[in-house]
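The values are calculated or read from the model by the stated rules, or taken from the named source; none is laboratory data. Fair warning: this is a prediction, and the values are worked out from it, not measured in the lab. Cβ placement follows ideal geometry from the backbone for every residue including glycine, while neighbour counts extend to all protein chains displayed. Heavy atoms of the whole protein, side chains included, go into the accessibility calculation; ligands, DNA and RNA do not. Shrake-Rupley method; radii C 1.70, N 1.55, O 1.52, S 1.80 Å.
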Amino acid sequence: MKVRNRYQAKLPKVGIRPAIDGRKAVRDTEEATTIKMAKLTAEFIENNMRHPNGAKVETVIADTCIGGVAEARAAEEKFKKNDVGVSITVSPVWCYGSEVMDTTSEIPKAVWGFNATERPGAVFLAALKSAHDQKGQPIYPIYGKNIQNDLNEIPDDVKEKLLRFTKAGLAVARMKGKSYLSIGSVSMGIASSVIKDEFFEDYLGMRTEYVDMSEVIRRLNNDIYDKDEFEKALEWTKENCQEGKDYNPEEFKASEAEKDKTWETVVKMTLIARDLMVGNPKLKEMGYEEEAHGHNAIAAGFQGQRHWTDHMPTGDFTEAILNSSFDWNGIRQPYLLATENDSLNGISMLFNHLLSNRAQIFSDVRTYWSLESVKKATGYELSGKAETGIIHLKNSGPATLDGAGKQKDENGNPVMKPYWEISDDEAQACLDATRWCPASRDYFPAGGFSSKYKSEGGMPMTMSRINIIKGLGPVLQIAEGYSIDLPDEVHKELDDRTDPGWPTTWFAPKLSGEFPFENAYQVMNNWGSNHGAISYGHIGDKLITLASMLRIPVSMHNVENQRVFRPSFWSSFGTKDQEGADYRACDNLGPLYK
């Protein structure tokens, strides 16, 4: 596997801080144990975590145990020089909390206090929590449930919290300094395609970059793309992207010559959109030095409707291919490109991707189908996970091809994998399951090709969405659930009621018995937008931890309480009503970068 870092920043590392009682008598007896705890933590993280580009996560251990402010400062300087973006303090003993604490304000911090009766690491953790809370610098406390007699291994519950914290912390670090690239402007009056600079800057530490769609026209007209790669991409597209049924009326159907021209254009658009995001050294060789740099965009959005699609082919092919884990250059990390320049769904996709390492489905949250409605339309009775109805996730043209569910685990179950686990056969299976239907001319006068497939049922999935509320700011919604299989004839009857040339995932949220997860209708009715970002796996717990780091309250979720991991600071705002405490804590702290 060839690992590539696309962005103008080094990959963040995890800093490990072994803290110790500064008194010489204690230090002499406990230093070896403290260093062992740090090395054990570092080894566990390096052996179990990868960045989304496939690179193994690296750790940096402070040069000495930290017994006071001088050694704390020395560790901070080392971490700065070594691109540390996440900090974990470990200790099996009592330490002088406010003297050894990590005071870097923007780096997520966790503390693991060893739970053993003869060593007061847990006492240190409790004291340090108090110090951090008093200073308004929250930490994520990690404290094993069971007493340990030795430090030969990390307990499973501690491992789980270490992974959850570190993954979310690295997501924070990965976003900082990157860009969201707006290709075009506002699509069809969709509010979230109005880019809110202050959200990106204050909460995510990101830039916002803007390119008018006329720049895409300029690059098309002046051949500002790698021509050799274009020929390779076009040949691959002809071999692997099968045209589907044209559902347009006869008078709107394009000729074969027109479709051939459209294929050429959409392939070029894909190269151009990617180059706008991350640059391309080939452009410098062609004399386009400025264009070769790109915009360092970790996510982007393409406006499309209507200023583009009224006279140019849709961005459906571009969005579907870039969001997938493979193209003419082989299997690779997905790019993240939001339909209709929905920046908030683009960032929701980014959150999901950074936490799961997988491709993301951008979708319209289109229709709720109740049991009664399905039975009336088809005679079929929903049951099992779909017992309270299903939500039709169906984007208006594109979705990642990984979403077809043709990748498989060791038991043959449908999955969406990190790109480095995907085989050539699995990538080909996703391509074979997809048909590229000519775009509906009533929506898209200039045509294009939409990706049509039906997601395999049985995949655990998490749907998420950031919304911005006036007077409140950003909030996050989360709904864990499952993709659902329907009989082919039932799927066709329901699916054909919308554009049949678009991709479909049937989704049933996981029910909790409490509002708004008593039934699928409540989830649909309380969803804050027409779009959602859908990830493989139940990653709601990781999203909650990430949101707390960014000071974004979670307005809706169905994650079990035992999986929720937030800083101890949150408990001071109430323990009975955790949702309300989340809002109060985030409001008290304010955005991470403001």
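Taking one equal scatterer on every alpha-carbon of the chain, how large is log10 of I(q)/I(0) by Debye at q = 0.06, 0.11, 0.12 1/Å? Summing over Cα pairs of the chain leads to -0.33, -1.03, -1.18. Please give me, ordered by residue number, the GluC sites (Glu not before Pro) of the stretch 389-462 that lie in loop per DSSP and have at most 15 other Cβ atoms within 10 Å. Sparse-neighbourhood loop GluC sites (Glu not before Pro): E410. Computed over the alpha carbons of the stretch 319-441, Rg followed by Dmax gives 16.1, 47 Å.
Altogether, the Stokes-Einstein calculation at 4 °C and 1.567 mPa s, with the Kirkwood radius of the stretch 506-567 over Cα pairs as Rh, returns a diffusion coefficient of 101 µm²/s. Of the accessible area of the stretch 213-276, computed with a 1.4 Å probe over protein heavy atoms only, carbon and sulfur atoms account for 45 percent.
Its Cα gyration tensor gives the stretch 229-305 an equivalent ellipsoid. The semi-axes, each the square root of 5 times an eigenvalue, are 30, 15, 11 Å from largest down. Spherically averaged projected area of the convex hull of Cα atoms, the stretch 29-175: 8.4 nm².
Both radii come from the Cα set of the stretch 380-429: Rg as radius of gyration, Rh as Kirkwood radius; their ratio Rg/Rh reads 1.08. Just want to confirm a number: the relative contact order over the stretch 437-502, from Cα pairs under 8 angstrom separated by 6+ residues, in percent. With pairs under 8 Å counted, the relative contact order is 35 percent.
For the chain, the longest principal axis of the C-alpha atoms and the axis of helix 540-550 are separated by about 70°. Mind checking the angle between helix 256-278 and the chain's longest principal axis? C-alpha axes, 0 to 90 degrees, to the nearest 10. On a 0 to 90 degree scale, this one is about 20. In the context of the full set of protein chains, the chain has a per residue accessible area of 39 Å² (1.4 Å probe). Just so you know, the Cα atoms of the stretch 127-260 work out to an Rg and Dmax of 26.1, 79 Å.
Counting only protein heavy atoms and a 1.4 Å probe, tell me what percentage of the stretch 109-180's accessible area is made up of carbon and sulfur. Answer for the stretch 109-180: carbon and sulfur cover 45 percent of the accessible area.
Any idea what angle helix 343-356 forms with the longest principal axis of the chain, computed on alpha-carbon atoms, 0 to 90 degrees, nearest 10? Helix 343-356 sits at roughly 60 degrees to that axis. Taking a ≥ b ≥ c as the square roots of the eigenvalues of the Cα gyration tensor, the stretch 404-477 is classed as oblate, since a/c reaches at least 1.5 and a/b does not exceed b/c.
For V554, neighbours were defined as the other residues whose beta-carbon sits under 9 Å from its Cβ, and their charges (Lys and Arg +1, Asp and Glu -1) total -2. Of the solvent-accessible surface of the stretch 281-371, computed with a 1.4 Å probe over protein heavy atoms with every protein chain present, carbon and sulfur atoms account for 47 percent.
The Cα atoms of the stretch 454-550 give a gyration tensor whose axes a ≥ b ≥ c have a/c of 1.5 or more with a/b greater than b/c, which makes the shape prolate.
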